[in-house]
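Everything below concerns the one structure shown next.
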Amino acid sequence: MDAQERESRQELTTEEGKMLIDQIAEVSKPVLILSGGEPLLRKDIFELAKYGTEKGLRMAMGTNGIGIDDEVAKKLLASGISKVAISVDSSTPEIHDEFRGVPGSWAKAMEGIKACLRNGVGVQFNTTVTVQNFDDIDNILKLAESLGVKDLHLFFLVPTGRGTEIEDITPAMYEQMIRNVLMKYEKSDLDVKPTCAPQYMRIAEQMGIDMSKWTRGCIAGTSYCRIYPEGEVTPCPYLPIKLGNIRDTPFKEIWENSEVLQTMRDYDNLTGRCGACEYKQKCGGCRARAYGLSSDFIEACGGLHEPEELQGDYMGEEPWCPYQPKGWEA
């Protein structure tokens, strides 16, 4: 996860992974995304996926796609993983490889995508939107369609970890690109969803787009959380506030009783423009971006933050949303 040579020595074991799945199943039967780092590097990943499937969880995976061939794709399907999300950051191999820092990664990702589709495993493109690929989004969408991919999630940069070093697009560019995507693909067979850009809910409503297939913009801490390799639970992958560790406290207790999560679930606790916004129930603003920019760009991979020693305001206004709520005076 933190791009080291090997996994953390404190990573959950296979049995602890199964214990975690048991704990999650006590709360609900959600989608459980096996992510990373690179989840295919774990030797027990198919065993864990199958165990989750048998417990009634809907298993999915986020991967760079490099390690997927026909044999791996068949193992994915047999373990209950019916869809994988594969990172594609450009329609041009050279740009993708530069972004990923691995020569040849684009070509290998394409082979992984084709292997999945050949063997009945659905594929979702995950694309991180940056200045480098902002003008390439249309081509990425066309690439997805040409391959037979039906889903594409556009991730907007959250300033944590190595993301603090990447030049971000501006709030105005965010806004315009969301509008362009929603307008162009409203009636398309391709399911395109902005992620880490909760203002798409406001924009969709303003454009008169059917929003019934979406629940809320920011779902961190309400219907979504992240569990780190060592068992630490946080509200989302980009909000490094420590809620507890499943080795010490059952997931059910963390999920239902965390003071931080209780605060996040009461939208009246939002401050600034988000607190005054008429769309706060539907959007909510990105809590990680609010926290990251109010703490002078947090280093998420550098350590988890204890709730009693928070460095930023996770309930503050969304810094990259240009919308001015009705009656709001800056």
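The values are calculated or read from the model by the stated rules, or taken from the named source; none is laboratory data. Everything quoted here is computed from the prediction, not taken from an experiment. As a convention, Cβ positions derive from the backbone with ideal geometry for all residues, glycine included, and neighbour counts pool all protein chains shown. Calculation scope for accessible area: heavy atoms of the full protein, side chains included, ligands and nucleic acids excluded. Shrake-Rupley method; radii C 1.70, N 1.55, O 1.52, S 1.80 Å.
Across the range 82-96, the qualifying residues are those that are assigned to a helix (DSSP H, G or I) and open to solvent by 30 Å² or more (accessible area, probe 1.4 Å), and the one among them that is modelled with the lowest pLDDT is 95. In the range 257-284, the residue that is nearest to residue 317 (Cα to Cα) out of those that are in a helix (DSSP H, G or I) and free of Cβ contacts under 8 Å to residues at least 12 places away in the same chain is 268. Note on the range 110-145: residues that are surrounded by fewer than 18 Cβ atoms within 10 Å (Cβ to Cβ) and among the β-branched types (Val, Ile, Thr) total 1.
The condition (being within 27 Å of residue 328 (Cα to Cα) and open to solvent by less than 60 Å² (accessible area, probe 1.4 Å)) is satisfied by just one residue among 216, 265: 216.
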